[in-house]
1. Which GluC sites (Glu not before Pro) in region B:180-241 sit in a loop by DSSP (not H, G, I, E or B) and have at most 15 other Cβ atoms within 10 Å of their own Cβ?
2. Relative contact order of region A:243-367: what whole-number percent is it, with Cα pairs under 8 angstrom and at least 6 residues apart?
3. Taking amide hydrogens as modeled 1.01 Å from N in the peptide plane, which residues meet the under 5 Å criterion relative to B:Val118, leaving out close sequence neighbours?
4. Need one value for A:125-135: mean number of C-beta atoms belonging to other chains within 10 Å of its residues' C-beta atoms.
5. From the cross-link list A:Lys228/A:Lys340; A:Lys159/A:Lys232; B:Lys54/B:Lys120, which pairs have alpha carbons spaced over 31 Å apart?
6. Per DSSP H run of at least 4 residues, take -39500 (n - 2.57); add these up for chain A, divide by its residues and hand me the 222 nm value, nearest 500 deg cm²/dmol.
7. Could you point to the residue in A:Gly308, A:Ala64, A:Leu197 farthest towards the positive end of chain A's charge dipole, with +1 and -1 charges on the Cβ of Lys/Arg and Asp/Glu respectively?
8. So what's the gap between the Cα centers of region B:1-27 and region B:125-175, to the nearest angstrom?
Amino acid sequence: MMPNDNRQQLSFWQAIATVVMVAGFYASYVRITQGLGGATNLSDQFPWGLWIGFDILCGVGLAAGGFTLAATVHIFNIERYKAILRPAILTAFLGYLLVVLALMFDLGLPYRIWHPLVMWNPHSVMFEVGWCVTLYTTVLALEFVPVVFERFRWTKALKIMRAFLIPLVILGVILSTLHQSSLGSLYLIVPEKLYPLWYTPLLPLMFFVSALCAGLAMTIFESWQSSKAFGKHLELPLLSSMGRVLAVLLSVYMTLRFVDLWNRGALRLLVARRTETYLFALEIALFVVPMFLLFRKRVYSNPHALYGSAVLVLFGFVANRLNVSVTGIEAASGTYYFPKWTEIAVTLAIVALGFTIFRFACKHLPIFAPLPVVERVPSRVPVPSVPVEAD
Amino acid sequence: MPKAILYDSTMCVGCRLCEKACAEHHTLPYNDDIAKEEKLSAHKLTAITTHGDKFMRRFCMNCVSPTCASVCPVAALKKSALGPVTYDSTRCIGCRYCMLACPYQVPTYQWNNRLPVVKKCDMCADRVAMGLQTACAEACPTGATKFGERDELIAEARQRLAANPGQYYSKIYGLEEVGGTSMLLLSAVPFEELGVKVSLPHEPLPMLTWHALSEIPTIVSVFGVLLGGVWWISHRKEEVAAAEQAEREKKS
């Protein structure tokens, strides 16, 4: 990769990001001055839209790589994955911060976001999600903060953090399992509104397994992107084996989905000529195609094919969450919903903000290699897979 | 004892005095234009809907096991012993989960306010607490909307069905729907013809999420022990290997 190309490509994306951010700022102004009515196409019949469907449901799911890799490395003690643990934790931490940011747009009274912490209703799934997300964001901050300590060489603080690492990781896995599945449980309450291709008593399990898939796909995606952006060596053997695990997970997920459809007698709906049928087919294709691809050696050992398959899985995941939260609800709501430009602008701006902060963090913090960082790591030279936590 | 409202569609003449009284009691605007809006909104907590020569009333059903109260993360919505499902706007964060979850699509939102709150019929909880009937029942000139004890109103509805079987579609709506509602409906024709949702299950919906939520303690304890165990085993292997290595080096 020529350094010049790299710079040009970056400035292209930076230009796009700038435009998106400006649009996002204007949309935020509209949101603040005109309320949800002026900034969204939501209505009494359709109270949850793109901000919940994409920013929250997808945001949380795509951050699932953090707890999956933390468990792999620290609990299952599979040391070689350490090389990609930090970027995954950073992605997860950023992901959750952005989810909270998106929530500030979507809540009618965002300044009361802390209310669930003091005003309890243990019967509410939303209450549980609120608590889990708050706690898990804290856990992620604590899992990430050693990187900052390392940067400033605060050895004592590092040592203290290491003592708490294992309990923290375990807590993180439990909290993630709970709220990843609970995001599915949110929709258990609408049996007569959500189209039967998606409504199942197993929604929590479906959400959990698909979040694991999305987390792995996101880790592959983000490793590939960073290797391009920073001229960093791609940890191909690691990503290949992740790709193979992803193939297995995807087949588990697809089996669950179809056995469940069969058990509920919902398979016959697949002959209905309805928008839901086509969107369901699209979603399933986006899972099944990469699943078959990733079982092939030619695919999982080729960085481009591996990356392409991971991107397909990410699209499949987004399609699934939007189908559950938007398109699957639309028919029963008795109204039509398509997001307003402001909803789309805020969403894109949040994504762009994520990429920007990720880039900034990678530049200034020891994300890919422990300090001391060698200036300008030449590309193609493998970064030694040393333990990431320096003493 | 829980109170209820019996709305008998066959007695309703569509005068909309219930709408007017409701708006007055909740200090909401009411005029001819609003009267023509036949749907619930943040400024219209009850609505008479016209279906040919027949009428139906839309309002919060004030369910016996309210879905909205179960999903509210801050317990802003509550079921009171007297029947009304009340809403405390000072707790609300504006997540609108109640609106998604309500099987009747009743809660509405002040979409154009900068600091919006949820609006819905609260069965005149303040009046009911004082021993009065709801504003709508008081205003109804024909007795189509009648306020009283739920048990007594159910008995009365049964009596009306038995006395005039030809005049009524033989069903009391609200007896069993989603576990029962405080609003009981009677009609001359099948309820779906008057825009009433008839596909609802008879079990209270909150049980659906409660089943999932009650698994949490199990997940926490099983996962905690499991992950701790895996951690111990996976690191134990390493320790053993290191010890064996040291042993071998000692020997050689």
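1. Sites meeting the loop and neighbour criteria: B:Glu215.
2. Values: 65 pairs, mean separation 30.3, N = 125.
That works out to 24 percent.
3. Residues meeting the criterion, in which the H sits 1.01 Å from N, do not exist here.
4. Details: counts 10, 11, 7, 5, 3, 4, 1, 1, 0, 0, 0.
Whole-number average of other-chain Cβ neighbours for A:125-135 is 4.
5. Numbers: A:Lys228/A:Lys340 34 Å; A:Lys159/A:Lys232 29 Å; B:Lys54/B:Lys120 24 Å.
Pairs exceeding 31 Å: A:Lys228/A:Lys340.
6. Values: 15 runs with 259 residues, N = 391.
Result for chain A, helices only: -22500 deg cm²/dmol.
7. A:Gly308
8. Each part's Cα centre sits 10 Å from the other's.
The values are calculated or read from the model by the stated rules, or taken from the named source; none is laboratory data. Here the structure is a predicted model, which means the values were calculated and not measured. Here Cβ is always computed from backbone atoms with ideal geometry, including for glycine, and neighbour counts include all displayed protein chains. What goes into the accessible areas is simple: the full protein's heavy atoms, side chains included, and nothing from ligands, DNA or RNA. Shrake-Rupley method; radii C 1.70, N 1.55, O 1.52, S 1.80 Å.
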